[in-house]
1. Does ALA157 fit the bill of being part of a helix (DSSP H, G or I), under 30 Å from MET1 (Cβ atoms) and outside the structural domain of GLY268 (by TED's automatic domain parsing)?
2. Surrounded by fewer than 16 Cβ atoms within 10 Å (Cβ to Cβ) and in the same structural domain as TYR264 (by TED's automatic domain parsing), is that true of GLU198?
3. Out of the range 51-64, which residues are more than 22 Å from the chain's Cα centre (by Cα) and part of a helix (DSSP H, G or I)?
4. Quick one: which of LEU67, LEU107, LEU103 is outside any loop (DSSP other than H, G, I, E, B) and touching a strand residue (DSSP E or B) at 6+ places or on another chain (Cβ under 7 Å)?
5. Evaluate the following for ALA80: is it buried (at least 22 other Cβ atoms within 10 Å of the Cβ) and not assigned by TED's automatic domain parsing to the domain that holds LEU236?
6. Residues being outside any loop (DSSP other than H, G, I, E, B), basic (Lys, Arg) and under 18 Å from the mean Cα position of the chain (by Cα): count how many of those fall in the range 125-151.
7. Please enumerate the residues belonging to the range 203-237 that are surrounded by 13 or more Cβ atoms within 10 Å (Cβ to Cβ) and β-branched (Val, Ile, Thr).
8. Identify, please: which residue in the range 152-183 is over 17 Å from the mean Cα position of the chain (by Cα) and of a type in the set (Asp, Glu) and is, among those, farthest from PRO132 (Cα to Cα)?
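The values are calculated or read from the model by the stated rules, or taken from the named source; none is laboratory data. All values derive from a computational prediction rather than experimental measurement. Note: ideal-geometry Cβ built from the backbone for every residue, glycine included; neighbour counts use all protein chains shown.
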Amino acid sequence: MIKTVGIVGAGQMGNGIAHAFALTGYQVLLSDINADALDSALKVIENNLARQVAKDAITSEQASAALELISTSTNLNDFAEVDLAIEAATENEDVKKTIFRELSTILKPGAIMATNTSSISVTRLASVTDRPEKFIGVHFMNPVPIMKLVELIRGIATSDATYNVIKDIVEKLDKISATSEDFPGFIVNRILMPMINEAIYVLYEGVGTVKDIDLGMELGTNHPMGPLKLADFIGLDTCLAIMQVLYDGLADSKYRPCPLLVKYVEAGWLGRKTGRGFYDYSSDEPQPTR
């Protein structure tokens with residue numbers, strides 16, 4: 001029975017996952033090595049809950065109850081009594097493995113481990129833990145409170161019991177699960193990221209401008225957000241990391257990251273979170289940077 005959920009990483013994904021679990025009635029422990037990140041995450045959660053109240057999606061009582069269910073910590077040792085630990089750290093395999101090795105020495109024997117990775121091998125991450133049969137990929141979509149889909153990825157050792165527990169939890173969160181085999185990028189990013197990468201190639205080769213590429217996909221294919229806007233929203237560093245996982249893991253040149261994507265990341269132009277990517281976000285109306 002899962003009652004207490006620990007979440008490692010208080011960034012965009014971590015605070016969204018905390019929001020979803022607390023709103024469903026789970027006791028949530030949100031952890032980050034940076035205390036300021038935790039303060040910021042709580043403010044984001046509070047603001048997002050207020051938006052839901054304003055839209056009559058939830059009541060003010062539900063919002064208050066959810067906030068009361070969230071506690072924070074900068075110390076993973078506080079995860080000793082959680083029933084489910086979800087890692088939502090940066091998309092870097094070494095960072096994730098370090099977290100799971102530490103959690104293996106802290107979590108109680110029956111606790112389940114999960115990773116929110118969007119592309120990295122669940123089997124490889126599970127292999128550094130003391131419980132690969134109780135390890136699973138649970139890939140939430142961004143923004144978590146709004147997006148319905150959760151990708152479930154079984155590692156080679158993931159047990160049926162672990163999979164079924166997590167599948168039931170996804171339903172309780174009022175979300176829908178899609179199950180993917182443990183191959184680079186899983187389902188969503190295996191399809192989405194090459195499309196974004198190709199849009200960046202179209203820009204790189206001068207076929208179209210930022211504005212026209214996004215307009216083409218928004219109005220021409222009814223996408224709610226153009227691929228370059230979406231890349232900025234996801235974070236260009238994350239897009240590059242996922243493309244690199246696809247390129248390295250599948251050994252196919254069609255997954256080669258566009259040099260322009262690499263250049264933007266090298267420049268620190270990572271999208272919305274840095275105020276500049278394919279768009280400049282310094283004014284009220286984002287302006288294309290190329």
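1. Criteria not met by ALA157.
2. The answer is yes for GLU198.
3. Across the range 51-64, the qualifying residues are VAL53, ALA54, SER60, GLU61, GLN62, ALA63, SER64.
4. Selected residue: LEU103, the only one of LEU67, LEU107, LEU103 that is outside any loop (DSSP other than H, G, I, E, B) and touching a strand residue (DSSP E or B) at 6+ places or on another chain (Cβ under 7 Å).
5. no
6. Here the count works out to 0.
7. THR209, VAL210, ILE213, ILE234
8. Looking at the filtered set, the residue picked out is ASP174.
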